[in-house]
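A.B. asks: Starting off with a structure, shown below.
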Amino acid sequence: MSNNLEGQGVELHGRGRLVELQKQPTKCALITPDLYRVAKKRDAEVKKQEFEGLARAIKLDIVISEILQLKEIKPATFVGGGFVDSLAETVKEQKIELVLFNVSLSPVQQRNLENRLGAKVLDRTALILEIFGERAATREGVLQVELAHLNYQKGRLVRSWTHLERQRGGGGFIGGPGETQIESDRRQIQERIGKLEKRIAKIAQTRKLHRKKRDAVPYPVIALVGYTNAGKSTLFNRITGAKVMAKDLLFATLDTTVRKAKLPHGRTIMLSDTVGFISELPTDLIAAFRATLEEVIGADIILHVRDVSSKDNVAQAQDVISVLKLLGVNGEETPIIEVYNKIDMLAKNEEEDAIDNIIPVGTVISSIALSAISGEGIDELLLEIEKTLAQGAKSFKILLEHERGEDAAWLYQHSEIIERIESEQGSEFTIRVEPRYLFALQSRFGKKLTGSIL
């Protein structure tokens, strides 16, 4: 395969990834179609701004970005012929190399547009895949993104592996060797998909073993989910003291990060930061990242972080709930706390009214308004997590002699310590225990439990 790629600005790197070599950012045009007759779930201007954010996430040089009003979708090119001709002139005049459409294009539409525009054409799905390809940091993340890339490209073989499976250092969308390689590429793609699926399954099995080890010291898992750039990583850092990358950037976080954190009464939890969701998130990408998102699937509580400074926050929240449903997660079985983040970005004289007017999305147990940047509302959130974990729990008193340090440590790990009073006889604990630990508590301490406090 490498012989076919010589002379095309492509270099094969040690990890088997193809990296395009191009120093200058690719000049691109962004087109956001807006259909007249389609119910407006989203504001067109907000969609346009989000698309620009996606393009900037891989440092593309945006030459033009516009909203195109459409009466109907054209089967051959999605947009009308007159617009295609006008855009072709602009592409030629501005020397634009890449045209991005903020919709999902069929393989035929993509191919027809490329032929008429004389430039590379990608749709929204392909752009998101490009971003993930650049951002994936762990070995598992790289494999998952590559798998999603290949599944997406199976029906779009108008280009070769030069576009399919690489982590690129910049936005250099170059061409492939052409139609003569399509059958060879298709066979290689299918073989590669099979290998990737086996590798990812093996990693998932290893993750399951690690999870069993962690469950031996059972801390509740609290998973952060939300639309991309809602502030999950900033909130994660604020609560745990970690230094996960948190920038005003779409998809700043791809790989799940888990850290310990303390609740107000000393209870230890595992807080999990996950990849941000987005509208029209490719199904293949959700499937590929399912193993990574196991922290969400198995969480005791989900914190749904919403950027309430965005006027599109309701539609964004609906997209998040839709992805959770695809993962088999719902508020009826797993408690969901809505976190109204970025209240510091609301006008102070409008903040209270704005928060009161926020519409909860899906089944939620409670809502907390806060600012992950300033820390306002964080204490209230931690108390709400504590309260939610305590639902269905029972409280006990237990007196332990001073020398029983190991038993005291067990209580701190498996229960919430409400109060500890020291005396000559020992330490008297008032504890709250979740139903899943009641049997272990009774087995370990038996008659030392002085009774349940209802």
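The values are calculated or read from the model by the stated rules, or taken from the named source; none is laboratory data. Bear in mind the structure is a predicted one, so any value in this text is a computation, not a measurement. Quick reminder, even Gly has a Cβ in these numbers, built from the backbone with ideal geometry, and neighbours come from all protein chains shown.
A.B. asks: Would you check if residue 320 is part of a loop (DSSP other than H, G, I, E, B), within 14 Å of the chain's Cα centre (by Cα) and closer than 20 Å to residue 234 by Cβ?
C.D. replies: no
A.B. asks: Could you tell me whether residue 430 is modelled with pLDDT of 90 or more and not aliphatic (A, V, I, L, M)? Don't jump to the end; show me each part of the working.
C.D. replies: On the way: modelled with pLDDT of 90 or more: yes; not aliphatic (A, V, I, L, M): yes.
It is true that residue 430 is modelled with pLDDT of 90 or more and not aliphatic (A, V, I, L, M).
A.B. asks: Return the residue satisfying two criteria in turn: it lies in segment 140-163 and is outside any helix (DSSP H, G or I) and out of contact with any Pro (no Cβ under 8 Å at 6 or more places or on another chain), and of such residues it is modelled with the highest pLDDT. Don't jump to the end; show me each part of the working.
C.D. replies: Filtering segment 140-163 down to residues outside any helix (DSSP H, G or I) leaves 154-160.
Narrowing the set further to residues that are out of contact with any Pro (no Cβ under 8 Å at 6 or more places or on another chain) leaves 154, 157, 159.
Details: 154: 78, 157: 67, 159: 47.
Applying the filter and picking the extreme gives 154.
A.B. asks: If we keep just the residues of segment 86-139 that are hydroxyl-bearing (Ser, Thr, Tyr) and modelled with pLDDT under 95, which is farthest from the chain's Cα centre (by Cα)?
C.D. replies: Filtering segment 86-139 down to residues hydroxyl-bearing (Ser, Thr, Tyr) leaves 86, 90, 104, 106, 125, 138.
If we keep only those that are modelled with pLDDT under 95 as well, we get 104, 106, 125, 138.
Numbers: 104: 20, 106: 25, 125: 15, 138: 15 Å.
Per the criteria, the residue is 106.
A.B. asks: Do we have any residue at all in segment 373-380 that's modelled with pLDDT of 90 or more, hydrophobic (A, V, I, L, M, F, W, C) and surrounded by 16 or more Cβ atoms within 10 Å (Cβ to Cβ)?
C.D. replies: Initial filter on segment 373-380 (modelled with pLDDT of 90 or more): 373-380.
Subsequent filtering for residues that are hydrophobic (A, V, I, L, M, F, W, C) retains 373, 378.
With surrounded by 16 or more Cβ atoms within 10 Å (Cβ to Cβ) added as a condition, the list becomes 373, 378.
Scanning segment 373-380 turns up at least one residue that is modelled with pLDDT of 90 or more, hydrophobic (A, V, I, L, M, F, W, C) and surrounded by 16 or more Cβ atoms within 10 Å (Cβ to Cβ).
A.B. asks: Working carefully through the options 293, 327, find the one that is without any contact (Cβ under 8 Å) to a residue 60 or more places away in the chain, within 20 Å of residue 279 (Cβ to Cβ) and touching a helix residue (DSSP H, G or I) at 6+ places or on another chain (Cβ under 7 Å). Step through it out loud before you land on a result.
C.D. replies: On the way: 293 fails: touching a helix residue (DSSP H, G or I) at 6+ places or on another chain (Cβ under 7 Å).
So the residue among 293, 327 that is without any contact (Cβ under 8 Å) to a residue 60 or more places away in the chain, within 20 Å of residue 279 (Cβ to Cβ) and touching a helix residue (DSSP H, G or I) at 6+ places or on another chain (Cβ under 7 Å) is 327.
A.B. asks: Consider segment 416-450. How many of its residues are in contact (Cβ under 8 Å) with a residue 40 or more places away in the chain and either under 15 Å from residue 400 (Cα atoms) or outside any helix (DSSP H, G or I) (or both)?
C.D. replies: Qualifying residue count, segment 416-450: 11.
A.B. asks: Search segment 67-78 for residues that are part of a loop (DSSP other than H, G, I, E, B) and pair each with any residue that is surrounded by fewer than 10 Cβ atoms within 10 Å (Cβ to Cβ) when their beta-carbon atoms are under 6 Å apart and the residues are at least 6 apart or on different chains.
C.D. replies: Hits for this filter: 71/36.
A.B. asks: When you look at residue 63, is it of a type in the set (Val, Ile, Thr), surrounded by 15 or more Cβ atoms within 10 Å (Cβ to Cβ), touching a Leu at 6+ places or on another chain (Cβ under 8 Å) and not assigned by TED's automatic domain parsing to the domain that holds residue 279, yes or no?
C.D. replies: no
A.B. asks: Of the conditions (1) aliphatic (A, V, I, L, M); (2) in the same structural domain as residue 313 (by TED's automatic domain parsing); (3) surrounded by 15 or more Cβ atoms within 10 Å (Cβ to Cβ), residue 418 satisfies every one except a single condition; which number is it?
C.D. replies: Answer for residue 418: the failing condition is (2).
A.B. asks: Please state which one of 370, 411, 438 is in contact with a strand residue (DSSP E or B) (Cβ under 8 Å, 6 or more places away or on another chain) and more than 23 Å from residue 334 (Cα to Cα).
C.D. replies: Every option except 411 fails the conditions.
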